[in-house]
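Below is one structure; the comments refer to it alone.
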Amino acid sequence: MAAATVSNSSEAPFPSPSRGGHRLPPGVRQLDDWLARPLTPQQIVLRLSLYLLLVANVPLWRQLARIGAAPSLYLGPMLGMALLLSCGLVALLALTAWSRGMRLLWWLVAAVAALAQYYMLTYSVVMDPGMAANVLQTDAREVADLLSLRMLLMVLAVLLLPTWWLLRVRIVAMGWLRQVFRNLLLLALALALAGATVALGSRELAPLMRNHPQLRYMMNPLASLYSTAVVLARPLLARSQELVNMRQGVALGGSYAGQARGPLWLLVVGETARADHFALNGYARQTTPELARRADVLSWRNVQSCGTSTQASLPCMFSPLGRQGYEARKSEYENLLDVVQAAGLAVLWLDNQSGCKGVCERVPHAQASDGLTAQQRSQWCEASGECRDGVMLVNLEQRLAALPAEQRQRGVLLVLHQMGSHGPAYYKRTAQLDKRFVPECRTEVLAECPQSELVNAYDNTIAATDRFLAQSIDWLAQRQAQYDTGLLYLSDHGESLGEYGLYLHGMPYAMAPDGQKHVPMIAWLGQGLRQRLGLSQDCLRAGLEARLSHDNLYHTLLGALDVQAPSYQPGLDAWAGCRRKQG
């Protein structure tokens, strides 16, 4: 077999910056010459793996140091984790160790590592499948909120050297049989060393990984690549693509017989709201003065979310399965909106967010900005296209009138999906009149803000939600002659505001702090609706400390709409005990 050589058949490096009359300083020229030295693809993979291990895993090494507290306690586990991670990187990149067409792929791996490290350091997130799903669902406006000079500098700090190197390195060409042999040998050696590390270090590594499962999602960039692959593969590996029918046997209850007015419900899906930052729930600051002024407003104080991100929570909270059933499902199921529509009621989903995550795809739905006049758009929306939540009440009467008349006369469910307290740019979510807490954090890099300013910016978003909910109640109150009206507000998940060094949301549920899972649930029921359903306001008020969750939404709203369905469970209807027995 011919010896490996640097030949014209290999992929040529990019020309040196010193060509064309541009002279580099001596030190830079020497570095450029060193980076341009010929290497086999396997040598490139080994060097890139070592570089990423040392430079792109700062969050992992810091977390191990915190867990160990003293060098004598963390150096052993850190060495074991370093061996495992390096073996994993080498094994993965061994599949790419070819002499042609791999420069861009290697650079993309380094770019993923640089970006993942930035977010782990800045927001204390981990790169689990839930976070990968969030990233894949991020829209252009959310991306714009995350961009900053700090991000550019931190990413370049990791990416600059490998970019230069991958542009300049000369790749040794060799026959494909020899490349296959070397790649398989490199893969086998990496896996063998990983196996030996696990066998010899299991006494330290096993309890470490069991007690601190977040560490596996901090191994960069393996965690990001693995989690992204899991998210992309899920639809392909699902056992059944058939949608399970939940509409069989659905009917309207006795309250619709000879009704003078149909029900009109506003279901407001909140975004990133924490229950413990609502004054209605005992928060020291007056973040909810408008709701406090409205009569008959109820706020449940102990409600847990289905997930820690919109991607996880939104489909789950509308599902009949509950959190555990939803996470274990093998098929997709029709949801609350499908059942309500099948019963013969009008349904509309109005979105001021990045979409309904599939919940509204079988019912009428629209973006809140659709159909706005130029004047309305200038009043409610920014140049970026983002609109404040109040825009959902603009033209809502016309949207209501456009629903099918026969269904509308029976009753209506309008779902309003808020922008709410979406971070990290909390300051962008509020108009000037809602900025009651100042000074507020005005950067997307939350760790750079004093804690008090960060909380000010977040609390202002709660004040804006308070105003929006109060205006929604007023809108319903004005229509009590035509409908029996009610409002239910429930946030999709909470938020971390620097506690334990964590920011934003999306932590794995088992590890997430309470701030990411403890959500507000607020209701206002008009007198006509209470009479229609036989609901006792005093009974509801007595149950405000009950422990509830997103599992209750499906059944509570079916009960409140008097929709009879085989999937309805009275035990999960939070208001069933306060409803007068029909007949």
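When we screen His493, His518 for residues that are open to solvent by 10 Å² or more (accessible area, probe 1.4 Å), under 30 Å from Phe437 (Cα atoms) and not acidic (Asp, Glu), the only hit is His518. Trp265 fulfils the conditions (1) closer than 26 Å to Gln353 by Cα; (2) not in a strand (DSSP E or B) except for a single criterion, (2). Output yes when any residue across region 178-194 is outside any helix (DSSP H, G or I) and either open to solvent by less than 40 Å² (accessible area, probe 1.4 Å) or of a type outside the set (Lys, Arg) (or both), and no when none is. No, the conditions are met nowhere in region 178-194. Residues in region 232-252 that are out of contact with any Gly (no Cβ under 9 Å at 6 or more places or on another chain) and farther than 28 Å from Ala312 by Cα: Gly249 alone. The sole residue among Gly282, Gly344, Gly258, Gly253 that is surrounded by fewer than 19 Cβ atoms within 10 Å (Cβ to Cβ), at positive phi, over 25 Å from the mean Cα position of the chain (by Cα) and modelled with pLDDT under 95 is Gly258. The residues on offer are Tyr483, Tyr503, and the sole one that is open to solvent by 10 Å² or more (accessible area, probe 1.4 Å), farther than 30 Å from Pro129 by Cα and of a type in the set (Ser, Thr, Tyr) is Tyr483. In the set Leu108, Leu89, only one residue is modelled with pLDDT of 80 or more and open to solvent by less than 30 Å² (accessible area, probe 1.4 Å); that residue is Leu89. Restricting attention to region 111-145, the residues that are in a loop (DSSP other than H, G, I, E, B), open to solvent by 20 Å² or more (accessible area, probe 1.4 Å) and over 30 Å from Leu184 (Cβ atoms) total 3. Just one residue in the set Pro221, Pro213, Pro235 is under 25 Å from the mean Cα position of the chain (by Cα) and open to solvent by 50 Å² or more (accessible area, probe 1.4 Å); that residue is Pro235. Pairing residues of region 147-172 that are in contact (Cβ under 8 Å) with a residue 12 or more places away in the chain with residues that are part of a helix (DSSP H, G or I) and acidic (Asp, Glu), at Cβ distances under 7 Å and at least 6 apart in sequence or on separate chains, gives Arg168/Asp32. Annotation: of all residues in region 564-583 being over 26 Å from Glu327 (Cα atoms) and touching a residue at least 60 places away in the same chain (Cβ under 8 Å), the one that is surrounded by the fewest Cβ atoms within 10 Å (Cβ to Cβ) is Gly583.
Among the residues in region 429-452, are any of a type in the set (Lys, Arg) and in contact with a His (Cβ under 9 Å, 6 or more places away or on another chain)? Yes, region 429-452 contains a residue that is of a type in the set (Lys, Arg) and in contact with a His (Cβ under 9 Å, 6 or more places away or on another chain). Within region 504-515, can one find any residue that is part of a strand (DSSP E or B) and touching a residue at least 12 places away in the same chain (Cβ under 8 Å)? Yes; the residues of region 504-515 include at least one that is part of a strand (DSSP E or B) and touching a residue at least 12 places away in the same chain (Cβ under 8 Å). Scanning region 450-486 for residues that are in contact with a helix residue (DSSP H, G or I) (Cβ under 8 Å, 6 or more places away or on another chain) and without any contact (Cβ under 8 Å) to a residue 40 or more places away in the chain yields Ala457, Asn460. Taking residues in region 191-217 that are on the phi < 0 side of the Ramachandran plot, and partners anywhere that are of a type in the set (A, V, I, L, M, F, W, C) and outside any helix (DSSP H, G or I), the pairs with Cβ atoms closer than 6 Å and at least 6 places apart or on different chains are Gln214/Val126; Gln214/Met511; Tyr217/Val126; Tyr217/Met127. Restricting region 445-480 to residues that are at pLDDT 95 or above and small (Gly, Ala, Ser), the residue that is farthest from Gln432 (Cα to Cα) is Ala477.
Annotation: of all residues in region 291-313 being in a strand (DSSP E or B) and of a type in the set (S, T, N, Q), the one that is surrounded by the most Cβ atoms within 10 Å (Cβ to Cβ) is Ser299. Checked against (1) in a helix (DSSP H, G or I); (2) touching a helix residue (DSSP H, G or I) at 6+ places or on another chain (Cβ under 9 Å); (3) crowded, with 17+ Cβ neighbours inside 10 Å, Leu337 meets all criteria but (2). Of the residues making up region 534-552, those that are touching a strand residue (DSSP E or B) at 6+ places or on another chain (Cβ under 6 Å) and assigned to a helix (DSSP H, G or I) number 1.
Can you spot a residue in region 198-209 that is surrounded by 13 or more Cβ atoms within 10 Å (Cβ to Cβ), modelled with pLDDT under 85 and not in a helix (DSSP H, G or I)? Within region 198-209, not a single residue is surrounded by 13 or more Cβ atoms within 10 Å (Cβ to Cβ), modelled with pLDDT under 85 and not in a helix (DSSP H, G or I). From the list Ala402, Ala425, exactly one residue is of a type in the set (A, V, I, L, M) and free of Cβ contacts under 8 Å to residues at least 60 places away in the same chain. Which is it? When all the criteria are applied, what remains is Ala402.
Residues in region 414-424 that are in contact with a Lys or Arg (Cβ under 9 Å, 6 or more places away or on another chain) and at pLDDT 90 or above: Leu414, Met419, Gly420, Ser421, His422.
Scanning region 553-574 for residues being among the polar types (S, T, N, Q) and either more than 16 Å from Phe318 (Cβ to Cβ) or not in a loop (DSSP other than H, G, I, E, B) (or both) gives a total of 2.
Please list, ordered by first then second residue, the pairs with beta carbon atoms under 8 Å, 6 or more apart or interchain, first in region 329-357 and among the basic types (Lys, Arg), second open to solvent by 10 Å² or more (accessible area, probe 1.4 Å) and at pLDDT below 95. Hits for this filter: Lys330/Ala238; Lys330/Arg239; Lys330/Ser240; Lys357/Gln137; Lys357/Thr310; Lys357/Gln311.
Residue by residue, here is whether (1) over 19 Å from Glu271 (Cβ atoms); (2) open to solvent by 10 Å² or more (accessible area, probe 1.4 Å); (3) of a type in the set (D, E, K, R) holds:
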residue: Leu414; (1), (2), (3): no, no, no
residue: Val438; (1), (2), (3): yes, yes, no
residue: Glu453; (1), (2), (3): yes, yes, yes
residue: Asp459; (1), (2), (3): no, no, yes
residue: Glu499; (1), (2), (3): yes, yes, yes
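The values are calculated or read from the model by the stated rules, or taken from the named source; none is laboratory data. These figures come from a predicted structure and were not determined experimentally. Glycine also receives a Cβ, built like all others from the backbone with ideal geometry; neighbour counts cover every protein chain displayed. Note: areas computed on protein heavy atoms with side chains; ligands, DNA, RNA excluded. Shrake-Rupley method; radii C 1.70, N 1.55, O 1.52, S 1.80 Å.
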